[in-house]
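Worksheet for the structure shown next.
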Amino acid sequence: MQPVVLITGTSSGIGRAAVRRFSEAGWRVAATLRSPERETELARLPGVSCFRLDVTSEPSVREAFAEVLAAHGRIDVVVNNAGFGSIGVHEHTGDETLRRQFETNVFGVMRVTREAVPIFRRQGGGTVVQISSMAGRVAFPGYSLYVASKWAVEGFSESLAFELRPFNIRVRLVEPGNVKTGFYAVETGPNPAADPPEYREFLSRCREVAGVAGASGDSPAVIAEIVFRAAVDSGWRLRYPVGRNSRLLILLSRVLPTSVYAVILRRQYRIL
């Protein structure tokens, strides 16, 4: 029997690449997105069906899982990919922006995971793959809100792994570094002209570093390959850093004194 994977946030980037990778491997893929009626490519891939799912809506999550089960009879892996990030400063971040970031990146992950767990328990096992980030392990200037959301996902998932192991349910954290996606172009916050004057120079440097990082990042297909490996791994490994910069920065943040690591980042961003 072909295994079934449900992937959130498949309209672009890592999610879209993951759909292709699982399809190539012969899986049945439930590609979920907020507007499936606009999708013209994914549904033509072998074994792929598109479903409506908005991770910020509990009824939408519940209905999507019911539809996938009705169509496929089971779900073996869930990939929590939906998310976004933005450059900004906390002083000028309103409550609406705070809620939107956490509703998608954190509460959305929790909603989808909560819906998957009873299905996996009844089936005798399953795997939840959370698309985290190296920003879930190390902090970066200008990304305080995004970093906070990914640290929350990391802590949630690490703790969750203990409570789900007795049910043969695996939890994975895929931690990409720089990736060539719209994260660095479309989702980096408001127009620079709208930056607060007192932070304009700081945010300009943040965008400059982000632009270089995005241009030199891994392709979404590289991340999708690790997502697939995490899904089929029969062991109990929790974390999967992806990309040289991700592994290096995580390692440096662990082995160097905090003050030394901070100096490295400050020099990169020219923060005196």
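The values are calculated or read from the model by the stated rules, or taken from the named source; none is laboratory data. Values in this document were obtained by computation on a predicted structure and should not be read as measured data. Note that each Cβ is placed from the backbone with ideal geometry, even for glycine, and that neighbours are counted across all protein chains shown.
Assorted remarks:
Conditions tested, residue by residue: (1) free of Cβ contacts under 8 Å to residues at least 24 places away in the same chain; (2) under 30 Å from V29 (Cβ atoms); (3) crowded, with 20+ Cβ neighbours inside 10 Å.
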| position | (1), (2), (3) |
| --- | --- |
| L203 | no, no, yes |
| I226 | no, yes, yes |
| R239 | no, yes, no |
| R254 | yes, no, no |
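- Yes/no for G85 being over 25 Å from S11 (Cα atoms) and small (G, A, S): no
- Which listed residue, of G85, G142, is assigned to a loop (DSSP other than H, G, I, E, B) and out of contact with any Gly (no Cβ under 8 Å at 6 or more places or on another chain): G85
- Condition check for R172 on (1) surrounded by fewer than 19 Cβ atoms within 10 Å (Cβ to Cβ); (2) out of contact with any Lys or Arg (no Cβ under 7 Å at 6 or more places or on another chain); (3) modelled with pLDDT of 95 or more: one failure, at (1).
- Complete set of residues in region 73-96 that are surrounded by fewer than 20 Cβ atoms within 10 Å (Cβ to Cβ) and within 26 Å of R121 (Cα to Cα): G73, R74
- Filtered by the rule that a residue be part of a helix (DSSP H, G or I), basic (K, R) and either out of contact with any Ser or Thr (no Cβ under 6 Å at 6 or more places or on another chain) or on the phi > 0 side of the Ramachandran plot (or both), region 1-32 gives R20, R21.
- Candidate set: region 127-139, residues that are of a type outside the set (A, V, I, L, M) and assigned to a loop (DSSP other than H, G, I, E, B); chosen: the one surrounded by the most Cβ atoms within 10 Å (Cβ to Cβ): S133
- Residues being assigned to a helix (DSSP H, G or I), of a type in the set (D, E, K, R) and more than 23 Å from M110 (Cβ to Cβ) - total across region 33-71: 3
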